[in-house]
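The values are calculated or read from the model by the stated rules, or taken from the named source; none is laboratory data. Everything numeric in this text was worked out from a predicted model, so none of it was measured. Cβ atoms come from the backbone with ideal geometry, glycine included; neighbour counts cover every protein chain shown. Please note that ligands, DNA and RNA were not included when accessible areas were found on the heavy atoms of the full protein model with its side chains. Shrake-Rupley method; radii C 1.70, N 1.55, O 1.52, S 1.80 Å.
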Amino acid sequence: MKNNVIGNRIKELRSEMNISQKTLGEKLGYCNQTVSFWESGQREPSLDAVVQLAAFFKTSTDYLLGFSDY
């Protein structure tokens, strides 16, 4: 992903909750390396993962994808 908005948003939200990549991965059923790849922009989360992340962080998929600011 050229602009890695979703990775930055995941990292920001995770940091606000003060949880590690490992903890986030465990709660969603992914390994911490997968979360690291998302945050660094090396990989993009699947549609299912985006929906899971939005539900976990209590935000919209639009926010995660960079289409809204809230």
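Somewhere in segment 34-54, is a residue among the acidic types (Asp, Glu) and in a loop (DSSP other than H, G, I, E, B)? I'd like the intermediate steps shown before the answer.
Here is the first cut: in segment 34-54, the ones among the acidic types (Asp, Glu) are 39, 44, 48.
Applying the additional criterion that residues be in a loop (DSSP other than H, G, I, E, B) yields 44.
Scanning segment 34-54, I find at least one residue that is among the acidic types (Asp, Glu) and in a loop (DSSP other than H, G, I, E, B), so the answer is yes.
In segment 1-29, what count of residues is obtained for those that are over 15 Å from LEU65 (Cβ atoms) and open to solvent by less than 40 Å² (accessible area, probe 1.4 Å)?
Going residue by residue through segment 1-29, those that are over 15 Å from LEU65 (Cβ atoms) are 14-29.
After this cut, where a residue has to be open to solvent by less than 40 Å² (accessible area, probe 1.4 Å) as well, the list is 14, 19, 24-25, 28.
Of the residues in that region, 5 qualify.
Tally time: how many residues in segment 30-50 are open to solvent by less than 80 Å² (accessible area, probe 1.4 Å) and without any contact (Cβ under 8 Å) to a residue 12 or more places away in the chain?
Kept after step one, since they are open to solvent by less than 80 Å² (accessible area, probe 1.4 Å), are these residues of segment 30-50: 30-32, 34-41, 45-46, 49-50.
This time we only want the ones that are without any contact (Cβ under 8 Å) to a residue 12 or more places away in the chain, so: 31, 34, 37, 46.
Adding up the residues that qualify gives 4.
Any idea which of (1) of a type in the set (S, T, N, Q); (2) out of contact with any helix residue (DSSP H, G or I) (no Cβ under 6 Å at 6 or more places or on another chain); (3) in a helix (DSSP H, G or I); (4) open to solvent by less than 80 Å² (accessible area, probe 1.4 Å) is the one THR59 doesn't satisfy?
(3)
What is the number of the single condition among (1) out of contact with any Gly (no Cβ under 9 Å at 6 or more places or on another chain); (2) surrounded by 15 or more Cβ atoms within 10 Å (Cβ to Cβ); (3) not β-branched (Val, Ile, Thr) that SER68 does not meet?
Going through (1) out of contact with any Gly (no Cβ under 9 Å at 6 or more places or on another chain); (2) surrounded by 15 or more Cβ atoms within 10 Å (Cβ to Cβ); (3) not β-branched (Val, Ile, Thr) one by one, SER68 breaks only (2).
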